[in-house]
Every structure is written in C-alpha cells, then in structure tokens.
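Shown next, in structure tokens, is the structure this report addresses.
The values are calculated or read from the model by the stated rules, or taken from the named source; none is laboratory data. Because the structure is a prediction, the values reported are computed rather than measured. Glycine gets a Cβ as well: all are built from the backbone with ideal geometry, and neighbour counts include every protein chain shown. Areas reflect the complete protein model, heavy atoms only, side chains present, ligands, DNA and RNA absent. Shrake-Rupley method; radii C 1.70, N 1.55, O 1.52, S 1.80 Å.
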Amino acid sequence: MEEQRMLAHNHQQIPRFARHCCLFLFTVLLISSATARAFDYADALTKSLLYFESQRSGRLPYNQRVTWRDHSGLTDGLEQGVDLVGGYYDAGDHVKFGLPMAFTVTMLSWGVIEFRDQIANAGELEHALEAIKWGTDYFIKAHTSPNVLWAEVGDGDTDHYCWQRPEDMTTSRRAYKIDENNPGSDLAGETAAAMAAASIVFKETNPHYSHLLLHHAQELFEFGDKYRGKYDGSVGVVKSYYASVSGFMDELLWAALWLYEATDREDYLKYAINKARCFGGIGWAISEFSWDVKYAGLQVLASKLVAKAKLEHEAHILKQFCQISSRLHTRV
C-alpha cells in the first residue's frame, strides 16, 4: 500500500524515449480519425519511426535511413561473455535500459495490432515492423537462459558526464542481469509482454519468428512469477534513472493478459483474474500509463476481453477492470 500511495502522489515524468512510443500510438490513432484531414499525421508517423532508427545501437543495416548514424556498441556484452549488440539507446544517452525499452516495444506492437491497416495505408507498416523487430531481436539475445535476462548495458553516471557520439563512446559498457538470485519480476514481466505482443504482430507474416518470440515470452513470465522481486533491488545502478516505483505486480498482470491475447490459453486469463485484486488491478484507478506503471493500459486491455469470458466470475472481474478504466477516462 505504501508503494501505491507513493505512486499516486509522486508520478514520475515519462522519459523521452518511452514517451516517444506513446506519441507513436497517439499518432496512429489520429491518422484513423477525421482530424487527419486537417493535419498531416502520416508525416508525423514517418518522423516518429525515423526517431527509432536514430536510436539504434549495434551494426546498422544497409537500408538505414538516418545516414548520419553508424555502427556502435559492437562489443556490448563482450566483457561478460554474451552478445548484447543491438537494441536501442535511451533518449540522448548511450545506455541501454531494459525496462523502458521493453515498454516501448510493447507499445509499438500494440499500435500495429490496433491500427495495422491505417499504418499500412500511410506507407509505414514495414518501418513499424522493423522498429519492433530491432527491439525483439535484442531481447532474444538478452534472454540467455530461461532464468537469466540482461537488464542494462552501460552506466548512466559516466554516460551523463561525457558528451560523445555513440560511435566514439569511451564510457563503461558493463552489463547487468537479473536471475534466480537477483530477481526482477517487473523487467521480466514487461519483456514478456513486449515479446508476446510482438508475436501477435508477426504471426501471419513471419510465423517462425512469432513462435520464437512467444517461447521467450512464456519463459520470461514463468521466471518473473516464480522468482519475485523488483529489478532495481538487483540492479542498483538503475535506481537513479528507471526505479520501479510501482513494483512488479502490474507488469505480471500486464504480461499475463498479453500472453492470453497471443495464445488464447485460459491459464493466463485466470492468472490475471485470480490476482486482479491482490495485485492492484481492480483496486484503484490511476491517471498515469508509463514505462513504470501499467495499470491503466492493463485495465483497457482487460476491459476488451469481457465478451471472451466463459464463466460468470471471469466476466465479473473483467467488468471491474472496465469500470476502473471508465472512471479513469472520466477523470482525465
């Protein structure tokens, strides 16, 4: 309850990189509306996706459109004996933070799931899929075994004291992980949600890749649920930048519902329903939806599943998600 009070009164500002993925979702929503006639939101969508190309880390592809960028971070993970090349840098930094990166990919995927036709009509579907896959390719690398996920590459303190191009950086590239002895259910849950949502995106066009993403998502969810704890308790260096104020319960509920969407397996739905109250999913409304706080998005996602409920108890709980979501929209 103390964490919930802190969260309700001390909403953190959404950092630039995570905020940009929310802008992407908002932009495609506007493209599908009548307002698009007055403003060129297709151009805004194009520029939004170009932003993600400018944030790429690793060996850049031949069709890279942001040509002032070049290969960087090519030794990431080498010191720890793993391949962590790739992924996205955070905002103007050269650190790769796992939690906001995973949230970004979840939101990009949700945008494509909801507005695939509109994005295609704007001529940006391939670029959106590339943006998602750039992130999920990295998550596959970072998930080196069922109960190990690499959480961060780089050091925020030294990075912020040194202004360099990522191609020329000389700051620390140390990598940090979560595992059975150093849990991070919030990070594992959000990464599971990202990979489950992305598996839906690629289900028709790249079924093998979709299946691979789903496999990783299921393993990460099981890992996060079995070995519970906040990732910033295991990776202390992240506390000054992306501390998990909301805890991990929202991410576990969020991941369970995305896994249900991806698999249609009842056990994932039952998980979200059975833990809805004790994990805070239906106990309170909050006006923030961010890389840290997933409750609002979770409530929207759950409210869309009411028609799928097979039992009266399931429908009752899902309707409570819906009521919380409706009160939130009324307040906002």
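Results, tabulated for the structure shown:
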item	result
Selection count where residues are among the β-branched types (Val, Ile, Thr), open to solvent by 10 Å² or more (accessible area, probe 1.4 Å) and either over 22 Å from Tyr271 (Cβ atoms) or free of Cβ contacts under 8 Å to residues at least 40 places away in the same chain (or both), scope the range 198-230	1
Which numbered condition Thr158 misses (of (1) at pLDDT 95 or above; (2) in a helix (DSSP H, G or I); (3) among the hydroxyl-bearing types (Ser, Thr, Tyr))	(1)
Cβ-Cβ under 9 Å pairs, at least 6 apart or on other chains, the range 37-66 side within 22 Å of His94 (Cα to Cα) and open to solvent by 30 Å² or more (accessible area, probe 1.4 Å), far side assigned to a strand (DSSP E or B) and at pLDDT 95 or above	Arg59/Ser72
Qualifying position, being part of a helix (DSSP H, G or I), among the acidic types (Asp, Glu), open to solvent by less than 50 Å² (accessible area, probe 1.4 Å) and farther than 21 Å from Gln218 by Cα, among Glu167, Glu126, Glu130	Glu167
Residue within the range 118-133 that is more than 30 Å from Thr170 (Cβ to Cβ), in contact with a Cys (Cβ under 9 Å, 6 or more places away or on another chain) and touching a residue at least 60 places away in the same chain (Cβ under 8 Å) present	no
Answer residue from the range 289-327, given it is closer than 17 Å to Ala193 by Cβ and of a type in the set (D, E, K, R) and is modelled with the lowest pLDDT among those	Lys304
Sole exception among (1) in a loop (DSSP other than H, G, I, E, B); (2) closer than 20 Å to Gly154 by Cβ; (3) open to solvent by 50 Å² or more (accessible area, probe 1.4 Å) for Ser244, by number	(3)
Selected residue [under 24 Å from Ile113 (Cα atoms) and either part of a helix (DSSP H, G or I) or modelled with pLDDT of 95 or more (or both)] from Glu261, Glu222	Glu261
Which numbered condition Phe115 misses (of (1) open to solvent by 10 Å² or more (accessible area, probe 1.4 Å); (2) in a loop (DSSP other than H, G, I, E, B))	(2)
Which listed residue is under 17 Å from the mean Cα position of the chain (by Cα) and closer than 28 Å to Gly156 by Cβ, from Leu252, Leu213, Leu257	Leu252
